[in-house]
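Accompanying notes for the structure given below.
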Amino acid sequence: MGIVYAEITLKNAADVGAAQRGYIREQDIRGMTVRALVDTGSGTLVINEQVREALGLTVRGQRKSELADGTKTIAQVTEPVEIHWKDRDTACPALVLPDAGEVLLGAIPMEDMDLMVDPVRQVLTGAHGDEVLCMVK
């Protein structure tokens, strides 16, 4: 399978909640649209320090991590980030790898948004068509 990218929007989930409660204006929600590498081998969302700072995300801890090349490292873990792709969204903590060259969209947020990589067309797509299906087993 080749390399697949998708345009996603990231938002500070705490800002979104504050706007919903009327504490800040909606236009004050920190967010950005990025071209993310769709990485089914990555567990979650991976961002770099510049993205973390732009979104104003607080670091909540650290987690041992293993990179694709086998290198072991300690990554910071942020407060939740909202991830939006087309009409789908989810929220999850992000791993911060300071030297990450690009944002990685991993398997857990993809699964939560009912997304998969179409191996023939090499695109991100709905796993069950255009409508999100939440699997409860």
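Return the whole-Å distance between the Cα centroid of segment 26-48 and the Cα centroid of segment 64-122.
7
Using every Cα-Cα pair within segment 63-137, state what percent have a distance larger than 19 Å.
Numbers: 1261 of 2775 pairs.
Counting every Cα pair in segment 63-137, those more than 19 Å apart make up 45 percent.
Given points 7 Å out from each Cα along the Cα-Cβ axis, report the residue 58 to residue 123 separation in nanometres with one decimal.
It works out to 4.0 nm between the two label points.
Rounded to the nearest 500, what is the chain's calculated 222 nm mean residue ellipticity when only DSSP H runs of at least 4 contribute -39500 (n - 2.57) each, over all residues?
-4000 deg cm²/dmol, from helical runs alone.
Report the local net charge at residue 11: Lys and Arg +1, Asp and Glu -1, summed over other residues whose C-beta lies under 11 Å from its C-beta. It would help to have the intermediate numbers written out before the result.
Numbers: positive: 30; negative: 15, 26, 82, 89.
So the environment of residue 11 carries a net charge of -3.
So which trypsin sites (Lys or Arg not before Pro) in segment 53-86 end up in coil per DSSP with only 16 or fewer other C-beta atoms within 10 Å? Working shown, then result.
Numbers: sites: 60, 63, 64, 72, 86; in loops: 86.
Here the trypsin sites (Lys or Arg not before Pro) that fit, given the DSSP loop and packing criteria, are 86.
Would you please state which residues of segment 60-94 a label at residue 9 would reach in this model, taking the label point 7 Å out along Cα→Cβ and a backbone N cut-off of under 14 Å?
The answer is 82-90.
All of the numbers you see were taken from the coordinates with simple rules; none came from a lab. Note that the structure is predicted; figures quoted are calculated from it, not measured. Cβ sites come from the backbone with ideal geometry, for glycine too, and all protein chains shown count toward neighbours.
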